[in-house]
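Undergrad: Got a structure here, written out as structure tokens. Questions coming.
The values are calculated or read from the model by the stated rules, or taken from the named source; none is laboratory data. Just so it is clear, the structure is predicted and the values come from calculations on it, not from any experiment. All Cβ positions, even for glycine, are placed from backbone atoms using ideal geometry, and neighbour counts span all protein chains on display. To get the accessible areas, we keep the full protein, side chains included, count just its heavy atoms, and leave off ligands, DNA and RNA. Shrake-Rupley method; radii C 1.70, N 1.55, O 1.52, S 1.80 Å.
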Amino acid sequence: MDSQILVSFLVPVFNAEGFVRQCVDSLLNQTHRNIEVILVDDGSTDGSGKICDEYAQKDERVKAVHQANAGVAEARIVAFDHCKGEYVSFVDADDYVDATFVEQLLGQATEKQADIVSCEHYNQKGQQLKHEHHSMKGLYDREAICKAIGTCLLYDRRTHANGMAIYLWGKLIRHSLVGKALQQGRGLWFAEDQIVLFHTLYHAERLYIMNQPLYFYVQHTQQASKRYDFSIWESQAECWRRYRQIDADHLLGEQLDMRIWKSIYLTSKNRLRGTVNGAEQFGQEIEKARQIDIIADFFRKPFLHDSLLENIKFWLLKYKLYGVYYKKVLKP
């Protein structure tokens, strides 16, 4: 591995004063020293901005940028505009990485001549760590990437989950792939990083996925990604539309339908269930969501190309048996 290769960490920061020190410390303590850290304070109203300035003043590898609140997608674009690294790595301000993160990922990028290297991650809740496993592993050339896009990237039927961590964090990405990709996430407040990553994968020649968990995804109650608001349905719908726009070669096939279904199920289970008061209100929210064109089209399908159990869940919603779905699928 070439120790002279510069790696840029891009960190959007919004009201993360309780986490950002741990995040930045983990980046500055990398065994690969040739890094830069771009912190974009996205209009924080707590002490996050001051913390960013503090790090920029004491370490020349850190640059702090301040802007009015514009959302994480815009903050990532601003961070990218300030970076100079041959490889780019995105980190959320409430997360952190292993000290050997860059050393290990860059080593594989150099050895495998990979445009993108991805590691596995831990979900951290309090002091508990859970290693999140994915089915995709090893080296993928262009042909193999295309095959994965059409068979398991967004949804692997064997695991009922995405084939790899389809988030921007936990990766090294060649600088030349990032600029246009970031534009794809503009205007989205949910899953914008998934669209950006998909664009990079769609144009990458070589991808390498490691077994080792080197990224720590910290779960806490302040996360916007855990709250429910009806606008999440429209944001997800726009995300699915952009998948289709990027997929000029029609590689996704049934993958997008399965991702739509997984998103509907998880939104119902992890967000909507804790917000609505009973089966009737749940049904009303789903009915509103079904007015969105791409969701309406999805429920016109006769069945899913998946297991009988997943089809039963699908049919309960398709035929508007909301009370049964709420009691039998969500309540347990």
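Undergrad: Looking at (1) more than 26 Å from HIS199 (Cβ to Cβ); (2) charged (D, E, K, R); (3) surrounded by fewer than 16 Cβ atoms within 10 Å (Cβ to Cβ), which is the only condition LYS318 fails?
TA: Unmet for LYS318, out of (1) more than 26 Å from HIS199 (Cβ to Cβ); (2) charged (D, E, K, R); (3) surrounded by fewer than 16 Cβ atoms within 10 Å (Cβ to Cβ): (3).
Per-residue answers, yes or no, for (1) basic (Lys, Arg); (2) buried (at least 17 other Cβ atoms within 10 Å of the Cβ); (3) closer than 23 Å to TYR228 by Cα:
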{"position": "GLN255", "(1), (2), (3)": "no, yes, no"}
{"position": "SER263", "(1), (2), (3)": "no, yes, yes"}
{"position": "SER268", "(1), (2), (3)": "no, yes, yes"}
{"position": "ILE292", "(1), (2), (3)": "no, no, yes"}
{"position": "ILE295", "(1), (2), (3)": "no, yes, yes"}
{"position": "PHE298", "(1), (2), (3)": "no, yes, yes"}
{"position": "PHE314", "(1), (2), (3)": "no, yes, yes"}
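Undergrad: Please work out which one of (1) open to solvent by 20 Å² or more (accessible area, probe 1.4 Å); (2) touching a helix residue (DSSP H, G or I) at 6+ places or on another chain (Cβ under 8 Å); (3) more than 21 Å from SER118 (Cβ to Cβ) is the condition GLN281 fails and give its number.
TA: Failed condition: (2).
Undergrad: Just the residues that are under 21 Å from SER235 (Cα atoms), basic (Lys, Arg) and not in a helix (DSSP H, G or I), please, taken from region 268-317.
TA: Residues satisfying the conditions are ARG273, ARG290, ARG300.
Undergrad: Kindly list the number of the only condition in (1) under 21 Å from ALA16 (Cβ atoms); (2) in contact with a helix residue (DSSP H, G or I) (Cβ under 7 Å, 6 or more places away or on another chain); (3) among the small types (Gly, Ala, Ser) that fails for GLY126.
TA: The number of the failed condition is (2).
Undergrad: Within the group ASP41, ASP53, ASP81, ASP92, which residue is within 22 Å of ARG186 (Cα to Cα) and free of Cβ contacts under 8 Å to residues at least 24 places away in the same chain?
TA: None of the other options fit; the residue is ASP81.
Undergrad: Same structure again: Given GLU60, GLU74, which one is among the charged types (D, E, K, R), more than 11 Å from VAL11 (Cβ to Cβ), open to solvent by 20 Å² or more (accessible area, probe 1.4 Å) and assigned to a helix (DSSP H, G or I)?
TA: GLU74
Undergrad: Name the single residue, out of those in region 156-177 being in a loop (DSSP other than H, G, I, E, B) and among the hydroxyl-bearing types (Ser, Thr, Tyr), that is surrounded by the fewest Cβ atoms within 10 Å (Cβ to Cβ).
TA: Top of the filtered list is THR159.
Undergrad: Also, quick follow-up: Output the residue which, of all residues in region 321-332 that are open to solvent by 100 Å² or more (accessible area, probe 1.4 Å) and part of a helix (DSSP H, G or I), is nearest to ARG157 (Cα to Cα).
TA: LYS328
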